[in-house]
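Single-structure report; data block below.
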Amino acid sequence: MKGLVRLFWALMVGTFAITHLVQPQDQLGFISLDCGLPANESPYTEPFTNLTYTSDAGFIRSGKTGRIQKDPGSNYMKPYTVLRYFPDGIRNCYDLSVRQDTKYLINTLFVYGNYDGRNSPPRFDLYLGPNFWATVDLQRGYGKEEIVHVPRTNTLGICLVKTGTTLPLISAIELRPLKYGTYVSQTGSLKSLFRQFFSTRNRGIRFPDDVHDRDWFPYFEDDWTEISTNQSVKDADGYEPPRDAVITAATPANASEPLIVYWPLESPDDQVVVFIHFAEIQSLKANEIREFNILANGKIDYGTYSPNKFEVETLSNPVPLKCDGGECRLLLLRTQRSTLPPLINAMEIFSVIEFPQSETDQNDVAAMKNIQAAYGLDIIGWQGDPCAPKQFMWDGLNCSIPDISTPPRIVSLDLSSRGLSGAIAPSIQNLTKLQQLDLSNNNLTGGVPEFLANIKSLLVINLSGNNLTGSVPQILLDRVKEGLKLNVQGNQKLCDSSCKKKFPVAVAASVPTVAIIIIVSVIAFVFSRRKMSYYADEHASLGRRNRRFTYSEVTSMTNNFERVLGKGGFGVVNHGFLNDSEQVAVKVLSQTSAQGYKQFKAEVELLLRVHHVNLVSLVGYCNEGDHLALIYEYMANGNLQEHMSGKRESSVSNWATRLRIAAEAALGLEYLHIGCKPPIIHRDVKSANILLDENFQAKLADFGLSRSFPVGSETHVSTDVVGTFGYLDPE
């Protein structure tokens, strides 16, 4: 169970079983960064695993390159021979693009190798986004942190934080997508403790033998007996352990004795999730039975179990296990009727790690990145999450953080005396909760934009000491009358509304007439084009969208519509896999459905433009002849109605969970009402349309019956209840 020793093996080429010529393997979705590798040496193929590594230069804005001093007799794989270290700043962060709501195995590897000649291994903290992940201590010269994690946005921040006098460093970052239904945890993410197979061999296993590039290490006790097979062993659950890890197994040398596996915890308070891989790898005679009971630390009873013949099955504890005294024990105990001792092929141990701090509102994050790019701001502290954790908040920002479960919002932006030039960046208007804006003492030019008046929360605007020109917009001056504090002093060419430019009378008189003619002409042209386009092909608007699938692709992803999840007014909902890894729900329109192309088109167009953590995401759609289908993210725990009616083993019975689900559903509705332009009414809110993901996070579904609020000159919109009767928004 010596995890650090095993890690050292993993870094050494000679420890992996390369028993065959490496063949090209699918690396779809893999991210393999060689940290510190010069960009001109990227990419390259690592010869022992055939993995393609790229430089990390495009994923971080700070740090310097170091190279380890190789010890005599050591032979590190290439990705671990160079590193990136961070002499500047407290927090330095990688910004990775990932697939939202996809389960990843994330590896971070660290090799000190005395790169600085000081013989002083560093100690520092590691963060995932705004949340603490682990303390990295390289006293042994190397380290590794591995986690199974589901990003809730399409970006992932990995941050190294200086905590003492030594400098943080990193050698490699590796992300591997996993199948959605594997490594399920009721709460939190899963931090790897170790992964082992039971064999007397002394070599580890990783890619390409493991298609997910997991590190497996052999483990065996003196009072065990090894059994093995040369036959193939199938996978039953999607975990896909490598063949070499399951064609061997351990049994007790004394067939009447139990088989016991012990392991220590990093902390006595750790809660553990165990994934045990079992397969019967012996051909049993007619009168032979292998049956045993499985107990974890005397608290979790898996019941009586018989392994499948030449098929690996994975068992895990549904409730995290807490081990007294910081040591856990797995006990396999032969039943009375069993003629053979228990066996175990492989196992993986994880501790549950909670990441409670929400990331900053993604619209605010995007706005700050656009502002940063617009002005070319290279501020060392502007890395990672802008607002959280609070001690690493970006310089010049102030954020509202009501509680850790609510995404922080940026309420103050101070960019005074930063040498800014050019116009006032339009992205500022996307900071919709901004209360104070200070752009003073820069070299800003152009006019004062009207959009500043549209930020309803703004209380203070300081534009003094710039080179702004023209007049202050009247709409902004009206806000000043309402209490907005506006400072524009020091802009020599800027004047208020009393500054009027005179035009020749003839030109001035003709402007309204010309404007009216132009506007009417444009409206007529656009209307005629829209009308012609509509009658030519009503379906064409969907055809121009992305994320479109063919009917054959829909058939393939559902395995010919093999597994039905449910039925509704639209049609049948089937389970499917996208790229053999991401689970999806596929809603196929029935030819007898009362809801037709109109509702299908409405739902596609709506979901392609609205995005919120509490709305079910649309992955794509099929629009091929009579075949209409919607492909959604998969919600592992079904809908709320099933839990409330007792059709599922309810995990929403406690008050706190019910309250959270209600609040999350309300947040989805709030976004539709307030965050969308124009606002949207759902018209069919009910428990059957509140879906729950693997963590029982609530998301609203079924938008095909939604309508927009009337805006501008519109006077009417249908608000009739549609579908089966549900809750109708009061609007």
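What follows is calculated from the coordinates using simple rules that are stated; it is not laboratory data. The structure displayed is predicted, hence computed values, not measured ones. Ideal geometry is used to build each Cβ from the backbone, glycine not excepted, and the neighbour counts take in all protein chains shown.
Extension gain ASP71-ASN230, at 0.36 nm per residue separation less the Cα-Cα distance, in nm? It would help to have the intermediate numbers written out before the result.
Working: separation 159, 0.36 × 159 = 57.24 nm, distance 3.86 nm.
Between ASP71 and ASN230, full extension yields an extra 53.4 nm.
What distance in nm separates the simple spin-label points at LYS481 and PHE48, each placed 7 Å from Cα in the Cβ direction?
Output for this residue pair reads 7.6 nm.
Please give, to one decimal in nm, the separation of the simple spin-label points placed at ALA39 and ASP414, each 7 Å out from Cα toward the Cβ.
Result for the modelled spin labels: 3.4 nm.
Jot down the radius of gyration and Dmax of the range 3-177, Cα atoms only, both in angstrom.
Looking at the range 3-177, its Cα Rg and Dmax stand at 15.6, 46 Å.
Divide the volume of the convex hull of the Cα atoms of the range 362-495 by its number of residues and quote the answer in cubic angstrom per residue.
On the way: hull volume 13.0 nm³, N = 134.
Cα convex hull per residue, to the nearest whole number: 97 Å³.
Please report the spacing between the Cα centers of the range 402-476 and the range 256-280 in Å, no decimals.
Comparing the Cα centres of the range 402-476 and the range 256-280, I get a distance of 56 Å.
Quick one: compute the contact order of the range 225-292, relative version, from alpha carbon pairs under 8 angstrom and 6+ residues apart, as a percent.
Numbers: 42 pairs, mean separation 26.5, N = 68.
Dividing the mean separation by the residue count of the range 225-292 yields 39 percent.
Over what distance in Å are the Cα centres of the range 151-194 and the range 297-353 separated?
The range 151-194 and the range 297-353 have Cα centres spaced 27 Å from each other.
Name the long-range amide H neighbours of LEU444: under 5 Å, sequence gap of 5 or more, or other chain; modelled H, no Pro or chain starts.
ASN467
First check a/c for the range 136-273, with a ≥ b ≥ c the square roots of the eigenvalues of its C-alpha gyration tensor; if it is under 1.5, answer rounded, and if not, answer prolate when a/b is larger than b/c or oblate otherwise. Show your work: numbers first, answer last.
Details: a/c = 1.95, a/b = 1.55, b/c = 1.26.
Note, shape of the range 136-273 comes out prolate.
I'd like the antiparallel share, as a percent to the nearest 5, of DSSP beta bridges with both residues in the range 362-495. Mind dumping the intermediate values first?
Working: 4 of 18 bridges.
Around 20 percent antiparallel, to the nearest 5.
Would you please give the FRET efficiency between ASP378 and ALA656, computed as 1/(1 + (r/R0)^6) with r the Cβ-Cβ distance and R0 = 41 Å, to the nearest 0.05? Walk me through the numbers before you get to the answer.
Details: r = 44 Å, r/R0 = 1.08.
About 0.40, to the nearest 0.05.
Report for the range 221-350 the percent antiparallel among DSSP-assigned beta bridges with both residues inside it, nearest 5. Kindly include the intermediate steps, with their values, before the conclusion.
Details: 33 of 37 bridges.
In the range 221-350, approximately 90 percent of DSSP beta bridges are antiparallel ones.
At ASN560 and LYS390, where each label point lies 7 Å from the Cα along Cα→Cβ, what is the point-to-point distance in nanometres?
6.0 nm
Listed highest first by mean packing, meaning other Cβ atoms within 10 Å per residue, what order do 684-690, 224-230, 289-295 come in? Don't skip to the answer; put the middle values down first.
On the way: 684-690: 20.7, 224-230: 15.0, 289-295: 18.6.
Result, highest mean Cβ count within 10 Å first: 684-690, 289-295, 224-230.
If we count every other residue with Cβ under 9 angstrom of CYS387's Cβ, Lys/Arg +1 and Asp/Glu -1, where does the sum land? Kindly include the intermediate steps, with their values, before the conclusion.
Numbers: positive: LYS390, ARG409; negative: GLU359, ASP361, ASP364, ASP385.
Charge balance near CYS387 sits at -2.
Is the C-alpha gyration tensor of the range 197-353 telling us rounded, prolate or oblate? Criteria: a/c under 1.5 is rounded; beyond that, a/b larger than b/c is prolate, otherwise oblate.
Verdict is oblate for the range 197-353.
Calculate, in nm to one decimal, what THR469 and HIS627 gain on full extension: separation in residues at 0.36 nm each, minus their alpha carbon distance.
Details: separation 158, 0.36 × 158 = 56.88 nm, distance 5.78 nm.
Stretched out fully, the THR469 to HIS627 stretch lengthens by 51.1 nm.
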